[in-house]
Amino acid sequence: MTVTIQNMTPRPVMIRLNSGRTLYLGGSAVSEGIIEVEIVHNSRISRLLQRGIIELTQVKKPAAATAGTGGEKRKSGKTKKANP
């Protein structure tokens, strides 16, 4: 899953992700999509959530396009011959 992080304060916030990358969010800014592995079991993010400094929102993926109607059949181009 992908999540976004929103800074709920007017001050800048620095967030260290599990990969070691640091995310800097300005006042009331929203991050781009971050994979959930980057924030799971992260004590710093947990503390920021408890204090109401940041808010996490799951990003929903758009519905996948259907591949076809299902009524179509493939033609191999080969013809079968009758057994003599």
Would you say SER31 is open to solvent by 40 Å² or more (accessible area, probe 1.4 Å) and small (Gly, Ala, Ser)? no
Of those in segment 34-69 that are acidic (Asp, Glu) and open to solvent by 50 Å² or more (accessible area, probe 1.4 Å), the residue modelled with the lowest pLDDT is GLU36
Wholly inside segment 1-66, strands (runs of 3 or more DSSP E) that include 2 or more residues that are hydroxyl-bearing (Ser, Thr, Tyr) are 2-7, 22-25
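The values are calculated or read from the model by the stated rules, or taken from the named source; none is laboratory data. On a predicted model such as this, the values are computed, not experimentally measured, just so you know. We work out accessible area using only protein heavy atoms, side chains counted, and drop any ligands, DNA or RNA first. Shrake-Rupley method; radii C 1.70, N 1.55, O 1.52, S 1.80 Å.
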